[in-house]
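See below for the structure under consideration.
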Amino acid sequence: MRVFLLLLILLNFIINCAAQEKACRLESADAPTLFGLRLEMTPTQVKSIFGKDLKLKIKREGSFFQNFIEKEPPRFLPGVRALYLRFFDTKLYQIEIFYEPENKRRTLEEFLSQLSAELNLPPNLWVTKYGISELKCADFSLVADNVLNPRVELTDESIRARFEAAQKNKNK
């Protein structure tokens, strides 16, 4: 019985160690930059990236959306089909980008490989379920899929949690 218990404890330890090896330890400061946009930027900082090309009218909280289906994207957003930016408490907490599909349809694995290389992210830590891949790190997450167009969504999880709590309190 003691041997069985000891083996069970050892097996649990090994499984926990293996799980920690696969964890993304990157923090907010390590989150990737997408077209010069970083999580936690203020609306003013985002406006400085956009210049006069895109009209961002957010001061503290809200969403910005712009699509480039009918017109070409500005030079600083090459290959972008649509852009969502979500702010809460004067901080950019989510950047969602839909890319223009390329002539040759890429697989999700090809998209993830390119994305990991471009953003200097660990390629082996993506978890794919139902055609959507997610990379969860210490303070942020990155979701990618290729359902309609290649899409990536970068989120500061602590700010999103505060936003969702505020929305819940608002709806009471």
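Quick rundown of the values:
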| read-out | value |
| --- | --- |
| Within segment 50-123, trypsin sites (Lys or Arg not before Pro) in DSSP loop having at most 16 other beta-carbon neighbours inside 10 Å | K52, K55, K57, K59, R60, K71, R75, K104, R105, R106 |
| Computed accessible area, S158, all protein chains, 1.4 angstrom probe, square angstrom | 70 Å² |
| Prolate/oblate/rounded call for segment 120-167, Cα gyration tensor, a/c under 1.5 rounded | oblate |
| Heavy-atom SASA rank of V127, V152 (probe 1.4 Å, accessible area, largest first) | V127, V152 |
| Stretchable slack from K57 to N169, in nm (0.36 nm times residue separation minus alpha-carbon distance) | 37.8 nm |
| Alpha-carbon centroids, segment 119-154 and segment 50-88: separation in whole Å | 21 Å |
| Nitroxide proxy distance, nm - points 7 Å out along Cα→Cβ at E70 and Y130 | 3.3 nm |
| Accessible area, probe 1.4 Å, largest first, for residues Y130, Y93 | Y130, Y93 |
| Solvent-accessible area per residue, Å², over segment 82-171 with all protein chains present [probe radius 1.4 Å] | 53 Å² |
| For segment 38-158: rounded, prolate or oblate by the Cα gyration tensor [a/c cutoff 1.5] | oblate |
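The values are calculated or read from the model by the stated rules, or taken from the named source; none is laboratory data. These figures come from a predicted structure and were not determined experimentally. FYI the Cβ positions are ideal-geometry reconstructions off the backbone, even for glycines, and counts take in every protein chain you see. Accessible surface areas use protein heavy atoms only, side chains included; no ligands, DNA or RNA. Shrake-Rupley method; radii C 1.70, N 1.55, O 1.52, S 1.80 Å.
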